[in-house]
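What follows is one structure encoded as structure tokens, with my remarks underneath.
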Amino acid sequence: MSDEKKKIDNRRTADLAALSVIDANSSNGQIETSYERFVKMQPQCNFGEQGICCRICLQGPCRITKKASKGICGAHDYTIVARNLIRMMCGGCAAHADHARHMTHVGEMMVQGKAEDYTIMDKDKLYAVADRVGVEREGKNDEEVFEDLVKLAKEDLTRFEGAHEKPFTWLSKSIIEERVNKLEACNIMPRGVFGTIGENIAQTHVGMDADPVNLVFQGLKTSVADFGSEHIATDFSDIIFGTPKPVVSEANLGVLDKDYVNLAVHGHNPILSEMIVRAAREMRADAEKVGAKGIKVSGICCTGNEVLMRQGVPVLTNFTSQELPIMTGALDAMVVDIQCIMPGIRAVAECFHTKIITTSVNVKIPGAYHVDFVEDRADEKAREVINLAISAYKERNPDRINIPQIKHKVVAGFSVEAILNLFSAVNPDTPIKVLTDAIESGELRGVVLLCGCNNLKRIHDNNHLEMAKDLARNNVFMVATGCAAGAYAKAGMMTWEAVEEYAGDGLKAFLGRLNEANKLEEKLPLVFHMGSCVDNSRAYDLMTAMARQWGVDTPKVPYAASAPEAMSEKAVAIGSWCVTLGMPTHVGVYPYITGSDLVNGIALQIADDVYGGYFMWEEDPHKAVEKLLYALDDRTWKMKVHRQAMEKYETESISAGW
Ligand code: BF8
Ligand code: SF4
């Protein structure tokens, strides 16, 4: 038993604000949160953990044991593990596809003149996306270009498989040609998104595919469809709400202010949260009428990331600690849309005055308020939500207010466009060379995308924080998304102060050069916030830009991903496309596949042989960093060798393969 397992108790967080709420709760009244439920849940089911429990048909559940080495239908451990795994990928992809579908749906309503509260905010992004995905702009006005983009996105989401069908355009135009060829050659280039999910689910039905290799590889098709969905979501969010630029804000429970009406937006969809932020700015007078100084909106999970990146809205907390803001007694309402919303928030809110407000037809929680957020009356609905928060403010019990006074400055807003803009102050002709040159010269060891969730199997936020400190010391340029980004924001690691404290000389010099060239008053942070989980598409675009600059396929680029506390099905889908699209990918918890050496071997080794990306499971954050550094150094070394060969044999370009 590992040391961590031995000391399982409810103080499972590295977030000091969260810890202070947990401690106050332990001494007061014992309201149950995820931290306590995790303790009660131990020990967790071994069959489930290894992925060798099958419930796909009603003869089951079948569990693989020494006595019964196959399911009743004869399914081996490898079939059961592979089926369970790709069903998780399908779940994750469905969630992102649903998000992308909603964005395009709003786009369609805008085209039809039915969603008047939304406009095209970022024309440059509109043009850039149109040019990337091949939508003709000549002779068309902006609305017509937008309409064509909406049409293409809808087609891409809904196109079915067929010999003569074109590939998923948004995806194939957003990655480099070598990757497109690889996906085509391996027969995993999706045509559409929802169709691919359907095919994969059908493939796992009882009596369908029993071949684990075929199952996993077809699952990867869904994972790359997931990447395409994320890209659609990010692109439409940027066009409708603006592409993020550097912004300063703050993070952690201390952003709550007892003198204000406090409203948290939680979930993923900027379609709702952007409207809430805008309306709240105009409704100050309504809050003043009930004795508050105004309305403070703050964010939880990825919709929090969306409004932080574009509007500078403070981060309240991330996934695991989402119940805790309610327990400060100062949160008047939490409005939620889709994904990663723990049903547990409602039970905690019952002990306080906080109103939980659901807004989406596919996310309802018994006992919560429901405001049907219809896009044709978006502003009116946002105001309805805010009025509920204002009315809750009047019901506060001042004696129960206890806000941990912990918050940190955050410098966020790093879209790829914003990063290249910073680089262009150093190299106006080829901005991306600022990064690739720094890696070639050895100033930086490479790039790591820190992404994914929280998972109580690890100490909340601890893996995120420990890994970033180690990577910083080793001069790795770090970008972050999702709840990983939330962890860094809350702990003050998205600041220049963190650079001074943790960065090695190379990283310090690199960031310092950018500060100077851009004459930045607010200096750059240690970890660059790239946005929500769908914005992992941005992180991959950065890798693609590096690959283009070097003229190589992505598996040659010293760029790795890590999900130190992965949790959701979305994270499974994301990790899988990271691997398929060429990244060494670390995961800090074991996925449910260790019950089959064969499937585990595909993830750890065979994926590398075929796609150039591979998984690493490592629970210890320090060992994980060693593995990531090895992966980065290996790629840099190989590229050097290939470059020497290019010079020696006077070939025109570096070999594209790996
Ligand atoms: O999409 S990181 S816990 S909030 S799944 Fe969820 Fe994981 Fe957080 Fe955002 Ni992403
Ligand atoms: Fe058991 Fe096979 Fe049914 Fe799974 S599909 S529950 S292994 S009989």
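The values are calculated or read from the model by the stated rules, or taken from the named source; none is laboratory data. A quick note: this is a predicted structure, and the numbers were derived from the prediction, not measured. Neighbour counts are summed over all protein chains in view; Cβ atoms, including those assigned to glycine, are modelled from backbone coordinates with ideal geometry. Calculation scope for accessible area: heavy atoms of the full protein, side chains included, ligands and nucleic acids excluded. Shrake-Rupley method; radii C 1.70, N 1.55, O 1.52, S 1.80 Å.
Structural remarks
- Of all residues in region 11-30, exactly one satisfies the criterion of being more than 26 Å from the chain's Cα centre (by Cα), assigned to a loop (DSSP other than H, G, I, E, B) and either at pLDDT 95 or above or among the polar types (S, T, N, Q) (or both), namely Gln30.
- Every pair of residues 6+ apart whose Cβ atoms lie under 7 Å, when the first sits in region 70-95 and is within 14 Å of Gly48 (Cα to Cα) and not assigned by TED's automatic domain parsing to the domain that holds Thr196 while the second is surrounded by 24 or more Cβ atoms within 10 Å (Cβ to Cβ) and among the aromatic types (Phe, Trp, Tyr): none
- Residue match in region 77-85 (condition: buried (at least 18 other Cβ atoms within 10 Å of the Cβ) and either more than 16 Å from ligand 2 (Cβ to nearest atom) or in a loop (DSSP other than H, G, I, E, B) (or both)): no
- Of the residues making up region 475-491, those that are closer than 14 Å to Lys407 by Cα and either open to solvent by 10 Å² or more (accessible area, probe 1.4 Å) or within 16 Å of ligand 2 (Cβ to nearest atom) (or both) number 1.
- Helices (runs of 4 or more DSSP H) wholly inside region 153-222 that include at least 1 residues being in contact with a Ser or Thr (Cβ under 8 Å, 6 or more places away or on another chain) and either open to solvent by less than 50 Å² (accessible area, probe 1.4 Å) or modelled with pLDDT under 95 (or both): 177-185, 194-203
- Any chance Met103 is away from ligand 2 (no atom under 16 Å from the Cβ), more than 29 Å from Val599 (Cβ to Cβ), touching a residue at least 24 places away in the same chain (Cβ under 8 Å) and not polar (S, T, N, Q): yes
- So Lys623, is it in a loop (DSSP other than H, G, I, E, B), farther than 28 Å from Ser172 by Cα and basic (Lys, Arg): no
Each row is one residue, and each column tells you yes or no for (1) of a type in the set (Gly, Ala, Ser); (2) touching a strand residue (DSSP E or B) at 6+ places or on another chain (Cβ under 8 Å).
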| position | (1), (2) |
| --- | --- |
| Ala571 | yes, yes |
| Trp577 | no, no |
| Met583 | no, yes |
| Asn600 | no, no |
| Leu628 | no, yes |
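- Condition check for Ala24: within 16 Å of ligand 1 (Cβ to nearest atom) and not β-branched (Val, Ile, Thr): no
- Taking region 537-555 as the range and being more than 22 Å from the chain's Cα centre (by Cα) and of a type in the set (Val, Ile, Thr) as the test, only Val552 passes.
- Here the strands (runs of 3 or more DSSP E) wholly within region 268-362 that include at least 2 residues being at pLDDT 95 or above and away from ligand 1 (no atom under 14 Å from the Cβ) are 295-300, 333-336, 355-358.
- Any chance Val261 is among the β-branched types (Val, Ile, Thr) and surrounded by fewer than 24 Cβ atoms within 10 Å (Cβ to Cβ): no
- Which listed residue is under 22 Å from the mean Cα position of the chain (by Cα), buried (at least 23 other Cβ atoms within 10 Å of the Cβ) and touching a residue at least 12 places away in the same chain (Cβ under 8 Å), from Gly312, Gly304: Gly304
- Condition met for Ala115 (closer than 28 Å to Glu565 by Cα and small (Gly, Ala, Ser)): no
- Any hit, region 90-107, residues being under 23 Å from the mean Cα position of the chain (by Cα), hydrophobic (A, V, I, L, M, F, W, C) and open to solvent by 10 Å² or more (accessible area, probe 1.4 Å): yes
- Residue in region 22-45 that is within 16 Å of ligand 2 (Cβ to nearest atom) and among the aromatic types (Phe, Trp, Tyr) present: no
- Cross-chain or 6+ apart pairs with Cβ under 8 Å, region 490-502 first and on the phi > 0 side of the Ramachandran plot, then open to solvent by less than 10 Å² (accessible area, probe 1.4 Å): Gly492/Ala498
- Only one of the numbered conditions (1) crowded, with 24+ Cβ neighbours inside 10 Å; (2) charged (D, E, K, R); (3) assigned to a loop (DSSP other than H, G, I, E, B) is violated by Asp235, and that is (3).
- Every residue from region 585-618 that is surrounded by fewer than 17 Cβ atoms within 10 Å (Cβ to Cβ) and not in a helix (DSSP H, G or I): Tyr590, Thr594
- Screening the candidates Ile72, Ile120 for the property of being at pLDDT 95 or above, more than 16 Å from ligand 1 (Cβ to nearest atom), farther than 14 Å from Ser237 by Cα and of a type in the set (Val, Ile, Thr) yields one hit, Ile72.
- Residue within region 118-131 that is open to solvent by 60 Å² or more (accessible area, probe 1.4 Å) and part of a loop (DSSP other than H, G, I, E, B) present: yes
- Restricting attention to region 423-437, the residues that are open to solvent by less than 10 Å² (accessible area, probe 1.4 Å) and over 13 Å from Val557 (Cα atoms) add up to 1.
- Among all residues of region 242-250, there is at least one that is under 30 Å from Pro314 (Cβ atoms), open to solvent by less than 10 Å² (accessible area, probe 1.4 Å) and at pLDDT 95 or above.
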